[in-house]
1. For segment 453-476, which positions are open to solvent by 20 Å² or more (accessible area, probe 1.4 Å) and in a strand (DSSP E or B)?
2. Restricting the search to segment 494-525, which residues are open to solvent by 40 Å² or more (accessible area, probe 1.4 Å), among the β-branched types (Val, Ile, Thr) and touching a strand residue (DSSP E or B) at 6+ places or on another chain (Cβ under 8 Å)?
3. Residues in segment 328-378 that are surrounded by 17 or more Cβ atoms within 10 Å (Cβ to Cβ) and β-branched (Val, Ile, Thr): how many?
4. Does segment 1-32 hold any residues that are out of contact with any Ser or Thr (no Cβ under 9 Å at 6 or more places or on another chain), among the hydrophobic types (A, V, I, L, M, F, W, C) and not in a loop (DSSP other than H, G, I, E, B), and which are they?
5. Which residue pairs have Cβ atoms under 6 Å apart, sit 6 or more places apart or on different chains, and have a first residue in segment 351-369 that is polar (S, T, N, Q) and a second that is open to solvent by 20 Å² or more (accessible area, probe 1.4 Å)?
6. Go through segment 566-675 and tell me which helices (runs of 4 or more DSSP H), entirely inside it, have 1 or more residues that are among the hydroxyl-bearing types (Ser, Thr, Tyr) and either in contact (Cβ under 8 Å) with a residue 60 or more places away in the chain or open to solvent by less than 20 Å² (accessible area, probe 1.4 Å) (or both).
7. Does Ile422 count as open to solvent by less than 40 Å² (accessible area, probe 1.4 Å) and either on the phi < 0 side of the Ramachandran plot or in contact with a Lys or Arg (Cβ under 9 Å, 6 or more places away or on another chain) (or both)?
8. Those residues that are touching a residue at least 40 places away in the same chain (Cβ under 8 Å), open to solvent by 10 Å² or more (accessible area, probe 1.4 Å), closer than 20 Å to Lys761 by Cα and of a type in the set (A, V, I, L, M, F, W, C), I need them from segment 112-155; list them, please.
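The values are calculated or read from the model by the stated rules, or taken from the named source; none is laboratory data. What you are looking at is a predicted structure, and each value in this text was computed from that prediction instead of being measured. Note that we place each Cβ from the backbone using ideal geometry, even for glycine, and neighbour counts take in every protein chain shown. Only protein heavy atoms, including side chains, enter the accessible area calculation; ligands, DNA and RNA are left aside. Shrake-Rupley method; radii C 1.70, N 1.55, O 1.52, S 1.80 Å.
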Amino acid sequence: MQAVIMAGGFGTRLRPITCSIPKPMAPMANKPMLCHIIDLLKQHNFKDLTMMLYYQPEIITDCFGDGKDFDVSIKYLRPESDLGTAGSVKYAQKNIDDTFIVISGDVLTDFDLSKAIEYHKKKKAAATMVLTRVSNPLQFGVVITDKDGKVERFLEKPSWGEVFSDTINTGIYILEPEVFDYIPEDKSFDFSKDLYPLLLKEGKALFGYIAEGYWKDIGNHDEYRLAQYDILDGKVKINLDGKKINVGGKEIIAGKNVIIGDNVEVDGQVLLGDNVVVEDGARISRSVVGSNVRIGAGAEVLGSILWENVSIGTEARLKEDVIGNSTKIGDRAVVQVGTIIADECRIGADAIIRTNLRIWPHKIVEAGAILSSSLVWGEKWNKALFNAYGITGLGNIEITPEFAAKIGSAYGAYVGSGSYIITSRDDHRATRMIKRGIISGLLSAGVKVGDLRSSPIPVVRYEIGNEGEAGGIHIRQSPYDPRLVDIKFFDSKGGDISINQEKAIEQLFFREDFKRANMNNVGEITVPPRAVEYYKTGYLNTIKKDKIQNSKQKIVIDYAYSSASMIFPAILGELNIDVVALNAFTNSSKITKSQEEFSNSLGQLSDIVITLKSDAGFLIDTGAEKLFLVDEKGKIVPDDLAMLIMAYLVMRTHKNVVIAVPVNASSVVEELAQRFGAKVKRTATSPRNIMNAASDKGVTFVGDCMGGFIFPEFQNAFDAMYAIGKVIEMLSEENLSLSRISREIPSFEVLHKAVPCSWDKKGQAMRKAIEDAKGKKSELIDGVKIYFNNGWVLLVPDPDEAFFHIWAEAKDISTASGFVEMYTEKIKQWQE
């Protein structure tokens, strides 16, 4: 039978150990990963193989030749350009004349491919996706099939809110030659993004086969090491070279001509290659040791992977490390947990290499040195770079000047030399420091920087695009935790960057080999002179000035020490509004508020509104993005009610209204829309998805139920200053008060609860939630929303924490509480 092996991977996420080899050639249990794939194919009678190559193809062709030594026939193809996964297979069409399998050359699996083929033929499928179940499906394509195995839905690399199953696409496909008719020639075309949606649209038989057995995508250093442990533990059925020998009463697998000294201690499973020498008193535990390796007397090698020709000095200590070919570790040197040392490095005697470092090829660490940062590329970042608020970390601990410069370099490499980027910050000293580090990185990439210094976020967003900016960065102290710093990225239109853009920047960040500008092309720093003028002019040209100027409204604004206090008073003066301003100056020690401080601020605002008999009170957050309301009677307006009040006003004062709100917002918004003849669009709950809805055609207003309001007539972003103007405009136009509108909003109860759910159970819980929703009215906009006659429940896994969020709405609090408790118990059961 015929098979196509995708073997063109760069191995970017495995660098620096894949700097000199393509990823499929990285050793796994002392043999290239590609060897294990060929063994598996051969075991199931796939002997006519076509390998698709791209990066360093000669290394693969020199190793495998025509395949005769491996009892298979191998042909090689190398497209001249990136054709995507399906496009690359189309390139191999001339080698295919029957049912064939497509498999990646850089996974580890022992799936029974014969059973998969049998299933494919039984279903008379045009294409069959081989599936498996994993605990964390975020990095893979999630798939749902019906009871007959036919694919109903799939999504590539979802967020947690989009995870509707823990069943994922393994990248192994069984195909009929007829699928070639749907793949264009010489054009980038992917299986999941392009081919499979097309097959579903055309009504072709696309099935999913859930395979039993082991499968692991070797996507990063941890997975690479863990896969080797799984081999040692017998979790995956593969052929190991060597024979069993006894060392100190323990059985290990060793190759030819292995020499074991006296008093060598072995713990757990160990695999030794050919010609390995282990000297007296050494200790080896749960490790894979390549051929021609010497482990010195008294040395300790614990949970480590040593490639070929490595030398470990006397009494040296390694724990859970990966050491590349021909590297020498000196006597008494210590390599701490999680470090990756690439080929042909020299670590001197008594040197100490700290945890989680990367040392690229041919580097030298002098004797006695203590290395605490990677050579030469900087410190490793141990978690996903981006979260819902951009990049967040502990100020000057995780988010350091060095880290900031690296982020700037990665972002600069992404936008390209000659691009123009806006930078800004809040008033904290630490964010000034981090911003300057980022600017240094941007300049090194040849990027021109326009520095707005301390500016409100809406002003920054509004500036971007006016003078050809490619994007922007804003650094702030987290409004939720004073220890944290947020780095927010904006696109060329001032919106949040997309997930794809985040992933591209993240890949450059982890790859670490940034393209630098030469000395004569280093970027320059300017100060955009008209940013505030652009914002003020745009604001006053968009708002209905005459309505506001004639209203004689009296309001109280708490600026919360934000930089909005330096800009907004001039706009309000033009609008002839009587304003009492509180905390109208910047104060770096007041940027973050605890919940108690926030409540006290609203309470103080309420008291002043009552005392001064004002028409309304407004509290702006320090970024000037979020707005909190107090009505003329001093009542603090809850966030979800504030959104409904805004929606009511927009529906009443505008024509052809389309309102966008998140899927967890009250259904009362649909009741109001029906009353006023408006339309409602539901979005996912993340800030990015909510903000993106503002760009959709015809959308009049967007609210997030957390104090965020967007009026696309001005800009497609949260803006507390413009929201204040719109509230006053709409109240004046209709001669209404906030308290009167509150009375016209139907009663509702929306409750929320966060239920603990471990990361490795989230996918399983989502699959169970989907199953629970079958037969009920439901939506999969974000998580799973299930409707009942008297309300609804929404289940969404948290993208950053080990929780499931439950929202429930009903007309009374008792019913809503019942929904929450019922699904709290279900989520607990689904994790069992």
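1. Arg453, Ser454, Arg476
2. Ile525
3. 11
4. Residues satisfying the conditions are Leu14, Met28.
5. From residues that are polar (S, T, N, Q), the pairs are Thr355/Gln336; Thr355/Val337; Asn356/Lys380.
6. Answer list for segment 566-675: 595-612, 639-653.
7. yes
8. Answer for segment 112-155, where residues must be touching a residue at least 40 places away in the same chain (Cβ under 8 Å), open to solvent by 10 Å² or more (accessible area, probe 1.4 Å), closer than 20 Å to Lys761 by Cα and of a type in the set (A, V, I, L, M, F, W, C): Val134, Phe140, Ile144, Phe154.
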